[in-house]
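Have a look at the structure below, then the notes.
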Amino acid sequence: MAYQINKTDGTIVATVADGQIDDRSTAITLIGKNYSGFGEIFNENLIQLLENFADSTPPDNPIRGQIWFDSSQSKLKVYNGLDFVPVSSATISGSQPSTLATGDLWYDNVRQQLFFFDGTAAVLLAPSYSSSQSLSGIRVDTILDTLNQTRVITSLYNNGILLGIFAKDSFTPKVAIIGFTGSIEPGFNAGTLANFKIRATCTNSDSLGGAVSTTYVRTDSSNAINGQLQITVDSGLIVGSAGQGLLFVNGGDLVLANSSSDKNITLSVNKAATQENAVVINAAARTIGLYPTIPSSTVNVGGNLVITGDLTVEGTTTTLNTSIFTVEDKNVVIANVASPSNSTADGAGITIKGTTDKTIAYSESSNWLAISDTVNLAAGKALYIGGTKVIDGNSLGSAITSIPGVSSFGTQTVVNIGPGAPAVTQLRLENHRISTVSSNFDIELEPDGTGNVVLIGSPRITGMANPTSAQDAATKEYTDNRIESRPLIFSIDISDGKSNTYIIANILNNLSPVAEYRTGTYARILCSLISNNSQTLEINSLPPALSTAAFLTNLGGASSLAITNISFPTATIAASSVSVTRIIKLFQIVGGVWAWQSDTVLPP
């Protein structure tokens, strides 16, 4: 008899015939009477109900009230007859779901904001800013001050940056606030954001730029300025009841001018409580007076003084107090008298004052210039006689061919030796080195008679090249290399099938350890491989002498015949043939180990 399956309200869901199943009417499989193997289906139905049909897609053929766990959102949903809707929690989605009912919550996991659906639209609950906008708006916090008292502050943020803090008390935060420094005062305290301003017009202010209003200059009264006054336009400054004085900039040049015709510009200084005219520029006469009314005054020129006309100095002595005296003319004439002669020139020259006078003077009696002190030529300069160099800072001139009277030399760093005139340097002694200078010359040591070349103190001879002939000396490295890289010759029998790995590990590494030889060293091993050919004996070719005999079985009965007295002639087997294969195995030290390179089979 078929099963009739009813819902809670009595509605028939399905009718399942005997021996049949129904997997289309509901999300679980309905089992008919006497259906074979119903246990697996029954257990799977229980598991699906236990896990609430957990999957990323809803179950097929749902019925109203059915619960489904949406694994893609990790959320439990119930089927309302039309669609699966979330159960007792906010819907999590990057966009507003179309299934929201009045009173539902929706969490926007992209902007990270919570919304309430009022039946018409989703109303934002919190926060007022999205994740991309970062912290923006007003935030109220309770903090500690440096006296451990709690303080309530209202912070204003925009895009995660602190703009400022509202407070009603004066205090210093115990823990530094990011984006704010210093103490907090009643009112609004700006943060550290650069160029932050409250861009609005105020009717009054306690101070401007941190200075009280009484410190600013007014244009309707006299003012004393305690600081620098800067005028940033070239038109500059105008003074006087009629604008007679001007101080301005013209094309980058500073101009001090007066606008009244034929009026003077005077610079006056106070000397001992008396005003003195230091500079008077007379416009009418076009003259400049420096202390014009004080003849005892001195005018000091710190830099260059250029006079385009003639300079007339009245007096018997002209004193130039300067470190350098420069004359543009090419010739300075001394002892310039009406009738010059050697006599009038005697003693003429230059005197340099010091602890004692330093002089360069002409001597008529000796007919030379007498120099009272040592002459020191600058580096790179030389002394010439008749156009020929005699000596410079490093050497005698090539014209000096003899130095009679010299009995000893000081310490020499370089001595060049060579014959001929002019000399051709062939050998050089420099510091502790003997070297040839001319191309391809040998250095020869030639003891006299039977003398030998003797090294004292057991020194070493270093820097030698590798020998090329039998009489050349060899370095230790050359000798060691020849010994440690010579080819090695061995011979072994490998008839027992020893491999290259065996030869390396047990023969080469023991007879010739790599530490005693150079990389690249070869080892040649003559290997013998002995083999023989076995001989066979064909028994069938040997005719035996046969006879028969009768015997009775142990069960009785008739007798049977059996072969007896079998004999074979003497057989001769030839000796086994022996063959020998000879192989030359080549090994080489590569990368610090012996390595097989090749096998060469020798002809028989």
- Message: Show me the strands (runs of 3 or more DSSP E) found entirely inside segment 303-417 where at least 3 residues are within 30 Å of SER435 (Cβ to Cβ).
- Response: 388-392, 414-417
- Message: Filter segment 424-445 down to the residues that are of a type in the set (A, V, I, L, M) and in contact with a Leu (Cβ under 8 Å, 6 or more places away or on another chain) and list them by number.
- Response: ILE434, VAL437, ILE443
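Matching residues to (1) closer than 30 Å to THR150 by Cβ; (2) within 55 Å of the chain's Cα centre (by Cα); (3) among the acidic types (Asp, Glu):
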site	(1), (2), (3)
LYS174	yes, yes, no
ALA190	yes, yes, no
ILE225	no, yes, no
SER259	no, no, no
- Message: Among the residues that make up segment 525-538, is at least one of them at pLDDT 70 or above, over 60 Å from the mean Cα position of the chain (by Cα) and among the β-branched types (Val, Ile, Thr)?
- Response: yes
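Quick grid of which residues meet (1) surrounded by 10 or more Cβ atoms within 10 Å (Cβ to Cβ); (2) of a type in the set (Lys, Arg); (3) in a loop (DSSP other than H, G, I, E, B):
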{"site": "ASN189", "(1), (2), (3)": "yes, no, no"}
{"site": "LEU193", "(1), (2), (3)": "yes, no, yes"}
{"site": "ILE198", "(1), (2), (3)": "no, no, yes"}
{"site": "THR203", "(1), (2), (3)": "no, no, yes"}
{"site": "THR214", "(1), (2), (3)": "no, no, no"}
{"site": "THR219", "(1), (2), (3)": "no, no, yes"}
{"site": "SER222", "(1), (2), (3)": "no, no, yes"}
{"site": "GLY227", "(1), (2), (3)": "no, no, yes"}
- Output the number of residues of segment 437-476 satisfying the condition of being surrounded by fewer than 10 Cβ atoms within 10 Å (Cβ to Cβ) and touching a strand residue (DSSP E or B) at 6+ places or on another chain (Cβ under 8 Å). 2
- Pairing a residue in segment 26-37 that is in contact (Cβ under 8 Å) with a residue 24 or more places away in the chain with any residue that is among the small types (Gly, Ala, Ser), where Cβ atoms lie under 9 Å and the two sit 6 or more apart in sequence or on different chains, gives THR26/ALA14; LEU30/ALA14; GLY32/ALA2; GLY32/ALA17; GLY32/GLY19; LYS33/ALA2; LYS33/ALA17; LYS33/GLY19
- Query: In segment 488-515, how many residues are over 49 Å from the mean Cα position of the chain (by Cα) and either over 17 Å from LEU586 (Cβ atoms) or not assigned by TED's automatic domain parsing to the domain that holds ASP599 (or both)?
  - Reply: 6
- Which pairs have Cβ atoms under 9 Å, sit 6 or more apart or on different chains, and link a residue in segment 450-464 that is β-branched (Val, Ile, Thr) to one that is assigned to a loop (DSSP other than H, G, I, E, B)? VAL453/LEU445; VAL453/PRO447; VAL454/PRO447; ILE461/LEU455; ILE461/ALA473; ILE461/THR475; THR462/THR475
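Matching residues to (1) within 60 Å of the chain's Cα centre (by Cα); (2) at pLDDT 90 or above; (3) not polar (S, T, N, Q):
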position	(1), (2), (3)
SER36	no, no, no
ASN45	no, no, no
GLU51	yes, no, yes
ASP70	yes, no, yes
GLN73	yes, no, no
- State whether one or more residues within segment 340-351 are surrounded by 12 or more Cβ atoms within 10 Å (Cβ to Cβ) and aliphatic (A, V, I, L, M). yes
- Task: Please indicate, with yes or no, whether at least one residue in segment 24-35 is farther than 27 Å from LYS75 by Cβ and small (Gly, Ala, Ser).
- Result: yes
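Residue-wise test of (1) within 30 Å of PRO127 (Cβ to Cβ); (2) assigned by TED's automatic domain parsing to the domain that holds LEU267.
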site	(1), (2)
THR150	yes, no
THR172	yes, no
GLY182	yes, no
ALA190	yes, no
SER205	no, no
GLN244	no, yes
GLY252	no, yes
- Message: Could you list, ordered by first residue, the pairs with Cβ atoms under 7 Å in which the first is in segment 430-441 and aromatic (Phe, Trp, Tyr) and the second is assigned to a loop (DSSP other than H, G, I, E, B), at least 6 apart or interchain?
- Response: PHE441/GLN426
- Only one of VAL269, VAL299, VAL255 is in contact with a Phe, Trp or Tyr (Cβ under 9 Å, 6 or more places away or on another chain), under 30 Å from THR319 (Cβ atoms) and either assigned to a loop (DSSP other than H, G, I, E, B) or not hydroxyl-bearing (Ser, Thr, Tyr) (or both), namely VAL299
- Out of all the residues in segment 262-273, is one or more closer than 28 Å to THR322 by Cβ, surrounded by 10 or more Cβ atoms within 10 Å (Cβ to Cβ) and of a type in the set (Val, Ile, Thr)? yes
- Message: For segment 2-58: of the residues being among the acidic types (Asp, Glu) and assigned to a loop (DSSP other than H, G, I, E, B), which is nearest to TRP68 (Cα to Cα)?
- Response: GLU51
- If we keep just the residues of segment 352-389 that are β-branched (Val, Ile, Thr) and surrounded by 10 or more Cβ atoms within 10 Å (Cβ to Cβ), which is nearest to VAL332 (Cα to Cα)? ILE360
- Task: Taking GLY119 as meeting all but one of (1) at pLDDT 95 or above; (2) in the same structural domain as ALA101 (by TED's automatic domain parsing); (3) not basic (Lys, Arg), write down the number of the exception.
- Result: (1)
- Note on the structure: Checked segment 1-50 for anything hydroxyl-bearing (Ser, Thr, Tyr) and either out of contact with any strand residue (DSSP E or B) (no Cβ under 8 Å at 6 or more places or on another chain) or farther than 17 Å from ASN61 by Cα (or both); matches are TYR3, THR8, THR11, TYR35, SER36
- Query: Do we find a residue being in a loop (DSSP other than H, G, I, E, B), of a type in the set (Lys, Arg) and surrounded by 12 or more Cβ atoms within 10 Å (Cβ to Cβ) anywhere in segment 516-526?
  - Reply: yes
- Return yes when THR146 is among the β-branched types (Val, Ile, Thr) and either in contact with a Pro (Cβ under 6 Å, 6 or more places away or on another chain) or closer than 30 Å to PHE53 by Cβ (or both) and no when it is not. no
- Query: From the list ILE483, ILE489, ILE507, which residue is surrounded by 10 or more Cβ atoms within 10 Å (Cβ to Cβ), part of a strand (DSSP E or B) and at negative phi?
  - Reply: ILE489
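Each row is one residue, and each column tells you yes or no for (1) on the phi > 0 side of the Ramachandran plot; (2) assigned by TED's automatic domain parsing to the domain that holds ALA361; (3) at pLDDT below 85.
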position	(1), (2), (3)
ALA379	no, no, no
ILE385	no, no, no
ASP392	no, no, no
SER407	no, no, yes
GLY463	yes, no, yes
- Some residue of segment 581-600 being modelled with pLDDT under 90, surrounded by 10 or more Cβ atoms within 10 Å (Cβ to Cβ) and not polar (S, T, N, Q): no
- Restricting segment 416-433 to residues that are surrounded by 11 or more Cβ atoms within 10 Å (Cβ to Cβ) and among the aliphatic types (A, V, I, L, M), the one modelled with the lowest pLDDT turns out to be ALA423
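The values are calculated or read from the model by the stated rules, or taken from the named source; none is laboratory data. The structure presented is a predicted model; accordingly, all values stated were derived computationally and were not measured. Methodologically, a virtual Cβ is constructed for each residue, glycine included, from the backbone with ideal geometry; neighbour enumeration extends over all protein chains shown.
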